[in-house]
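The values are calculated or read from the model by the stated rules, or taken from the named source; none is laboratory data. Computed from a predicted structure; not experimentally measured. No Cβ is skipped: glycine too gets one built from the backbone with ideal geometry, and neighbour counts run over all protein chains shown. Ligands, DNA and RNA are excluded from the accessible area calculation, which covers all protein heavy atoms including side chains. Shrake-Rupley method; radii C 1.70, N 1.55, O 1.52, S 1.80 Å.
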Amino acid sequence: MRVIILFITIIGCTLSASAKSIKIKSFNPSPFDQTASIYQKLDNNGIPCSLIKIPVSDEIAEVSFEGNIIETNNDGSEIYAYFTAGTKQIVVKISGFPPLRIVFSDYGVYRLFSKQVYNLSLSIDTASSNNTPSTPIRIHDMLDNSDSDPIDDMVEKANQLYADGKKANAIPLLEKAAELGHAEALLSLGLLYENGVKSKGKWVLKPDEQTAFTMVQNSAQQGYTPAQKVLSRYYLTGIGLSPDKKQAENWKALYNNSISDESNLSDDNKPFITVELSPEYPGGEKQLYHDLSVNLLYPNIAAENNIQGKIILTFVIEKDGSISNINILRSIKIPPYRAKADGEDANTYNHEVTYYNNCTSEAVRALEKAGIEAVKRLKKFYPGKNNGVPVRVHYTMPVNFKLQ
């Protein structure tokens with residue numbers, strides 16, 4: 001009997017070692033994506049949720065979650081998962097695979113912010129593994145997002161130490177919190193690096209503008225509003241990089257949008273998602289897309305790099321039928337550069353990857369700009385109405401870029 005039991009156990013371990021598992025390809029904030037603001041979901045306390053987007057693929061089609069999940073939607077190309085703001089970790093579940101716990105601080109994000117969008121890319125790993133099994137997932141670990149947070153307390157202590165003139169003692173606390181992706185700590189530490197810190201006439205933190213920029217940028221990309229304002233200044237004045245007026249304007253606009261929440265508008269001024277009488281373009285939908293195609297200019301850089309695909313724009317149709325607040329809801333997803341070949345020179349390969357990423361990113365930005373400009377040149381709509389009265393309405397429109 002002992003031999004039989006041992007034999008079964010060995011087989012069980014072998015199967016477990018070669019089982020498929022869910023893997024994280026990337027997890028990143030998407031600060032300029034306005035989806036979570038436009039299509040808001042509220043938690044049980046009426047606070048706008050955070051949104052995680054997961055691309056659908058042949059491997060990843062149906063996903064469920066645990067850990068402060070409010071709602072999920074799947075349109076066949078992307079999964080939208082709305083979570084309570086402040087969530088620090090979740091569990092991803094796909095039928096037939098062991099669940100995967102994702103601790104956001106492992107990816108430089110300490111907690112999710114309200115109305116912020118994050119992109120999560122998953123894959124299935126079929127490789128065999130002899131690693132020790134991961135720590136079991138416990139419900140209390142998964143759901144514990146209590147108000148009493150040791151990292152928040154650490155940052156508060158650093159603030160008090162700095163205010164009391166004990167700057168050197170505040171720095172290690174901020175550094176520890178920043179390593180976990182704590183947005184406030186990243187901003188505070190970045191500003192300290194901008195100016196440097198002296199204690200008793202000696203540098204305890206030498207000025208380093210590049211480090212300052214990196215930390216403030218990480219904080220701003222998470223959706224931390226004060227950092228967005230500082231990052232705009234960095235781009236404008238050239239702290240940590242060459243001045244970039246366009247980027248400065250983008251971050252300043254994002255900051256302004258963050259502090260001018262639409263919830264402060266009167267009910268009459270809030271844009272509606274559904275209305276009794278939908279907005280209509282003169283001549284109907286067929287004329288709308290005809291005019292859009294006439295207005296659309298294919299950027300040379302996109303054509304030269306064979307970049308094509310669909311961009312989804314969202315905008316507001318005002319009470320007079322004019323168009324305002326044009327934003328990118330979903331952009332073109334560019335496949336990654338080919339894998340490095342065996343024996344290929346690493347420097348040459350890395351140079352090609354950098355060139356590919358720079359060109360494709362610039363091409364996609366050019367397509368986004370072309371789509372926005374095409375929508376700006378459309379005629380006025382007949383406005384949407386509720387009870388016979390014109391109202392502001394959210395409108396979503398796909399723009400297809402296809403080379404002939």
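Here are some notes:
- Matching entry among I328, I334 (being part of a strand (DSSP E or B) and touching a helix residue (DSSP H, G or I) at 6+ places or on another chain (Cβ under 6 Å)): I328
- Among the conditions (1) under 30 Å from T274 (Cα atoms); (2) at pLDDT 85 or above, the only one that E304 does not satisfy is (1).
- Restricting region 357-382 to residues that are assigned to a helix (DSSP H, G or I) and charged (D, E, K, R), the residue that is farthest from I334 (Cα to Cα): K376
- Residue match in region 31-47 (condition: of a type in the set (S, T, Y) and in a strand (DSSP E or B)): no
- Residues within region 198-224 that are within 25 Å of P243 (Cα to Cα) and either charged (D, E, K, R) or more than 13 Å from the chain's Cα centre (by Cα) (or both), tallied: 13
- The lone exception for N195 - which of (1) open to solvent by 60 Å² or more (accessible area, probe 1.4 Å); (2) in contact with a helix residue (DSSP H, G or I) (Cβ under 7 Å, 6 or more places away or on another chain) it fails: (2)
- Failed item in (1) in contact (Cβ under 8 Å) with a residue 24 or more places away in the chain; (2) in a helix (DSSP H, G or I); (3) within 30 Å of I273 (Cβ to Cβ), with T396 passing the rest: (2)
- Answer from S77, S50 - the residue that is over 15 Å from K25 (Cβ atoms), of a type in the set (G, A, S), in contact (Cβ under 8 Å) with a residue 12 or more places away in the chain and in contact with a Pro (Cβ under 9 Å, 6 or more places away or on another chain): S77
- Criterion: within 30 Å of N387 (Cα to Cα) and over 25 Å from the mean Cα position of the chain (by Cα) - qualifying residue of E318, E352, E304: E318
- When Y356 is tested against (1) closer than 29 Å to N119 by Cα; (2) hydroxyl-bearing (S, T, Y); (3) modelled with pLDDT of 85 or more, only condition (3) is not met.
Each row is one residue, and each column tells you yes or no for (1) closer than 20 Å to S219 by Cα; (2) at pLDDT 90 or above; (3) among the acidic types (D, E).
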position: G76; (1), (2), (3): no, no, no
position: Y80; (1), (2), (3): no, yes, no
position: G96; (1), (2), (3): no, no, no
position: I102; (1), (2), (3): yes, yes, no
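- Selection status of K176, charged (D, E, K, R), modelled with pLDDT of 85 or more and open to solvent by 50 Å² or more (accessible area, probe 1.4 Å): yes
- Applying the criterion of being open to solvent by less than 40 Å² (accessible area, probe 1.4 Å) and within 17 Å of the chain's Cα centre (by Cα) to the residues of region 57-83, the residue that is farthest from L329 (Cα to Cα) is F83.
- Breaking point among (1) surrounded by 11 or more Cβ atoms within 10 Å (Cβ to Cβ); (2) modelled with pLDDT under 85, for S146: (1)
- Y255 of a type in the set (F, W, Y) and at pLDDT 90 or above: no
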